[in-house]
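Below is one structure, written out as structure tokens; comments come after it.
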Amino acid sequence: MFKDKKVVFSGVQPSGSLTIGNYLGAIKNFNAFSEEYQCLYCVVNEHAITVRQNPADLRKRTYETLALYMACGLDPEKNTLFVQSHVAAHAELGWILDCYTMFGELSRMTQFKDKSAKNADNINAGLFTYPTLMAADILLYQTELVPVGVDQKQHLELARDIAERFNGIYGETFVVPEGYIPPVTAKIMSLAEPTKKMSKSDENENAVVRILDPRDAIIRKFKRAVTDSGNEIRRGEGKDGIENLMSIYSAFTGKTLDEIESEFDGVGYGDFKLAVGEACADALAPVQAEFDRLMKDKAYLETVMKNGADMANYMAARTMSKVRRKIGFVEIK
Ligand code: ATP
Ligand code: LTN
């Protein structure tokens, strides 16, 4: 059925309750590819354990992340939705690619530096090789396009380098993937520190708006968002906080940044923040309702996982047999 379609792959870690950064920077854009491409969207639970996770929470968030994919509009009939640990080939190819990735390359990854600083008591080897597992996720399916937020650009470039290196040694084996980074919402910033990325694992609850936050919490968090000492709703030097709110408002209403500047000409920060909070809460309400409905039916979620895993395993097996043959691993029937 999918034979001639190009492949799109992306993943989200079940490492916390998803934020509007995950939604606007990644998941919301996934829908656009479903007709034209063969899309695989993965819950990357193996990536999540690079930071210590409570087992019960990890299990629960795996269901939740899958349900959120669907609540955000991804139809499991049109997309392959699956869980990383259900396809053993991710870990297998991850190991193989470790052997074609340099220590120096991994040492330069900014996410590794950031996460090592945040988790100083647990700088494990998996945190260091996280990007080779991500390269394996992508290369396993001969992916052409990877929709992600801008924070993943460096990992994506490494995945391309690894693919090219492997192809250079063994001949054409992997498709070299391209990133798709959305124009306005590639990096939603923290509401508390608008020069920092909004991150689902942030300890400050006021810094993050979560897709599942109740309406009053969403509005309250936007009201408290850190801005600047000025009073104009426009882009500019030192206006990171306002610019971030403008991007969020733009994404939820479809208005351009120019339109927003004229709409709020002469309006104070307080009223603008309320408008952003309301637009965000309105847009998320149907997603939340659908999420609640889906979470009541675990059996259905498990059927989706199982079907997704079957399709992903089938596709991964084709790449793996090619890889093993090229490297010189003996295959037995
Ligand atoms: P963590 O805090 O656990 O590191 P995270 O919030 O960074 O998690 P990931 O699961 O690592 O989320 O990312 C899933 C997708 O969401 C990726 O494509 C990532 O680029 C995107 N994304 C994450 N945060 C943002 C953000 N603030 N703005 C835009 N895109 C984002
Ligand atoms: N590293 C990504 C999550 C991720 C991913 C992927 C994204 C793991 N594997 C493959 C795209 C393609 C992150 O967002 N931190």
- Message: Using the Kirkwood formula on the Cα atoms of the stretch 85-154, what hydrodynamic radius do you get, in angstrom to one decimal?
- Response: 13.1 Å
- Task: Kindly state, to the nearest 0.05, the FRET efficiency for Lys333 paired with Asp265, given R0 = 51 Å and r defined as their beta-carbon distance.
- Result: 0.10
- When the chain is fully extended, how far beyond the present Cα-Cα distance does Arg235 get from Lys306, taking 0.36 nm per residue of separation? 20.9 nm
- Item | Most fluctuating residue given options Gly16, Gly266, Gly308, as computed from a GNM of the chain linking Cα atoms under 10 Å | Gly266
- Quote the convex hull volume per residue of the stretch 184-333, based on C-alpha atoms, as a whole number of Å³. 189 Å³
- For the chain, the charge dipole (Cβ of Lys, Arg +1; Cβ of Asp, Glu -1; about the Cα centre) points to a positive end, and the Cα of Phe222, Ile181, Gly328 closest to that extreme belongs to Gly328
- Task: Note down the magnitude of the dipole of the stretch 60-144 about its Cα centre, charges +1 on Lys and Arg C-beta and -1 on Asp and Glu C-beta and zero elsewhere, to the nearest 20 debye.
- Result: 320 debye
- Item | Cα-based equivalent ellipsoid, the stretch 169-213: semi-axes from gyration tensor eigenvalues, Å | 35, 12, 10
- Query: Taking the radius of gyration and the Kirkwood hydrodynamic radius from Cα positions alone, what is the Rg/Rh ratio for the stretch 1-123, to two decimal places?
  - Reply: 0.99
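In square nanometres, what is one fourth of the surface area of the convex hull spanned by the alpha carbons of the stretch 76-226?
Working: hull surface 45.7 nm².
Averaged projected area of the stretch 76-226's Cα convex hull equals 11.4 nm².
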- Per residue of the stretch 138-148, in order, report the coupling 6.51 cos²θ - 1.76 cosθ + 1.60 (Karplus, θ = phi - 60°) as ³J(HN,Hα) in whole Hz, putting x for Gly and Pro. 6, 6, 3, 9, 6, 5, 9, 9, 10, x, 8
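Can you give the helix-only mean residue ellipticity at 222 nm for the chain, where every DSSP H stretch with n ≥ 4 adds -39500 (n - 2.57) and the sum goes over all residues, rounded to the nearest 500 deg cm²/dmol? Spell out each step's value before the answer.
Details: 12 runs with 165 residues, N = 333.
Here the helix-only value at 222 nm equals -16000 deg cm²/dmol.
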- Task: Work out how far the C-alpha atoms of the chain reach from end to end along every principal axis, then list the three figures in whole Å, largest first.
- Result: 72, 45, 39
- Item | Under 5 Å, built H, 5+ apart or other chain: amide partners of Gly179 | Val146
- Query: Taking the Cα centre of the stretch 14-118 as origin and charging only Cβ (+1 Lys, Arg; -1 Asp, Glu), how large is the dipole, in debye to the nearest 20?
  - Reply: 520 debye
- Message: Helix 55-71 against the longest principal axis of the chain: what's the angle in degrees, Cα atoms only, rounded to the nearest 10?
- Response: 70 degrees
- Item | Residue-wise HN-Hα coupling along the stretch 327-333, computed from phi with Karplus coefficients 6.51, -1.76, 1.60 (Hz; x: Gly, Pro) | 6, x, 7, 6, 10, 10, 7
- In debye to the nearest 20, the charge dipole size for the chain, taken about the Cα centre with +1 at each Lys and Arg Cβ and -1 at each Asp and Glu Cβ, equals 1000 debye
- Query: What is the gain in length, in nm to one decimal, between Arg220 and Lys5 on full extension, counting 0.36 nm per residue of separation less the C-alpha to C-alpha distance?
  - Reply: 73.0 nm
- Item | Likely footprinting exposure, Asp137, Asp57, fewest C-beta neighbours within 10 Å first | Asp57, Asp137
- Query: Any idea how far the Cα center of the stretch 114-172 sits from the one of the stretch 1-42, in Å?
  - Reply: 17 Å
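Please compute the alpha carbon radius of gyration of the stretch 256-333, then divide it by the globular-protein estimate 2.2 N^0.38 Å. Two decimals is fine. Could you put the intermediate results ahead of the total?
Details: Rg = 25.0 Å, N = 78, 2.2 N^0.38 = 11.5 Å.
For the stretch 256-333, the normalised Cα radius of gyration is 2.17.
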- Query: Which FRET efficiency value, to the nearest 0.05, do you get for Glu278 and Tyr314 by plugging their Cβ-Cβ distance into 1/(1 + (r/R0)^6) with R0 = 56 Å?
  - Reply: 0.80
- Can you give the Kirkwood hydrodynamic radius of the stretch 232-280 from its Cα pairs, in Å with one decimal? 10.5 Å
- Message: Can you sort Leu212, Leu68 from fewest to most other Cβ atoms within 10 Å of each residue's own Cβ?
- Response: Leu212, Leu68
- Query: To one decimal place, what Kirkwood hydrodynamic radius in Å is obtained for the stretch 121-165 from all pairs of distinct Cα atoms?
  - Reply: 11.3 Å
- Query: By a straight-distance test (C-alpha under 16 Å), which lysines pair with Lys6 as possible cross-link partners, with residues fewer than eight away in the same chain excluded?
  - Reply: Lys78
- Hey, which aspartates and glutamates would be in cross-link range of Lys28, C-alpha to C-alpha under 14 Å, not counting anything within fewer than 8 residues on its own chain? Asp75
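Where a number appears in this text, it was derived from the coordinates with a stated rule and is not lab data. These numbers come from a predicted model, not from an experiment. With ideal geometry, Cβ positions are generated from the backbone for all residues, glycine too; neighbour counts draw on all protein chains shown.
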